[in-house]
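Here is the structure we will look at, set down as structure tokens.
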Amino acid sequence: MFDHLSVGVRDLGRARAFYDAFLAPLGHSPAHETTAELAYGPGGMGAQFYLYPVSGPRVAGLGTHIAFSAGSQTAVDQAYAAALARGAVSVRAAGAHPDIAPDYYGAVLFDPDGNKLEIVAAAMPGAAMH
């Protein structure tokens, strides 16, 4: 359905430090970089997730969140810990959340710019993620 996704950040350098650490356990690394944007893709190939600098009172979209797939529960835990260590705010701690789905394991947080991120290792097909 999607070719790529772009989100705004206030400081591209600070965002790179955050997303390099956050996305590494999920198998993604920088695929493209200029002074105007930074893109990530699986194994650094095929840019799919773009960051670009913006200014103004609001950077993140209200009510929007981005869910990243993780290959394991350990990857969820590692990405979550890396994000917290770099200024993320936890919404839902990494772990099993059977209230969402019987086999759901994930986490939700806000990046330093207020973008809402979810990390999911396993979820029941058709389950609504938040």
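The values are calculated or read from the model by the stated rules, or taken from the named source; none is laboratory data. Predicted model only: the values in this text are computed from it and were never measured. Note: ideal-geometry Cβ built from the backbone for every residue, glycine included; neighbour counts use all protein chains shown.
Annotations for the structure displayed:
- Qualifying residues in region 93-116 (those that are loosely packed, with under 15 Cβ neighbours inside 10 Å and touching a strand residue (DSSP E or B) at 6+ places or on another chain (Cβ under 8 Å)) - the one nearest to PHE22 (Cα to Cα): ALA93
- From the list ALA24, ALA75, ALA31, the one residue that fits, being closer than 27 Å to MET1 by Cβ, within 14 Å of the chain's Cα centre (by Cα), of a type outside the set (Lys, Arg) and crowded, with 17+ Cβ neighbours inside 10 Å, is ALA75.
- Filter result for ALA39 (at pLDDT 90 or above, in a helix (DSSP H, G or I) and out of contact with any Lys or Arg (no Cβ under 9 Å at 6 or more places or on another chain)): no
- Here is the figure for region 61-95: residues that are charged (D, E, K, R) and within 12 Å of LEU117 (Cα to Cα) total 1.
- Boolean, THR64 is exposed (fewer than 14 other Cβ atoms within 10 Å of the Cβ) and either closer than 18 Å to PHE2 by Cβ or of a type in the set (Asp, Glu) (or both): yes
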